[in-house]
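Right, one structure below, let's go through it.
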Amino acid sequence: MTRPMRPVLFGLLLVCATLAYGAQAPKYIFLFIGDGMGFNHVEASQIYAEKVGTDTGERSLLFPTFPVMTQVCTRSASHLITCSSAAATALATGEKTTNYVIL
């Protein structure tokens, strides 16, 4: 699949998902990227929040309750552990690149 087709495919999948769930089209879509964050980090933060709480009195994290979540594996083309620039390139373009390079 060519690069120009990927955004079109993503848009088509988004529209299909919206129609399948019978919901209105979302007014805004936010992309949260937890750079360097894994499932263990989220779990540890949730446990801490439940035991200690926050300054506002909240005892749980908000983002795990979002209606839609996903995960992405962004290994770089050159290393097992990727740098932020290679991960962002993979997220934005769908193509792997070497560490410390922005395409």
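Taking 0.36 nm per residue of separation and subtracting the current Cα-Cα distance, fully stretching the chain between LEU31 and VAL72 would add 13.5 nm.
Label separation (GLN46 vs GLN24): 3.0 nm, computed from points 7 Å beyond Cα along the C-beta direction. Residues whose amide H lies under 5 Å from that of VAL101, counting only those 5 or more places away or on a different chain, are ALA86; hydrogens are built 1.01 Å from N in the peptide plane.
Residues in region 63-72 carry Karplus couplings, in order, of 5, x, 8, 4, x, 9, 9, 8, 10, 9 Hz; the curve used is 6.51 cos²θ - 1.76 cosθ + 1.60 with θ = phi - 60°, and Gly or Pro positions show x.
The numbers here are math on the coordinates, done by the rules we state, and not lab data. Please read these numbers as outputs of a predicted model, since none were measured by experiment. No Cβ is skipped: glycine too gets one built from the backbone with ideal geometry, and neighbour counts run over all protein chains shown.
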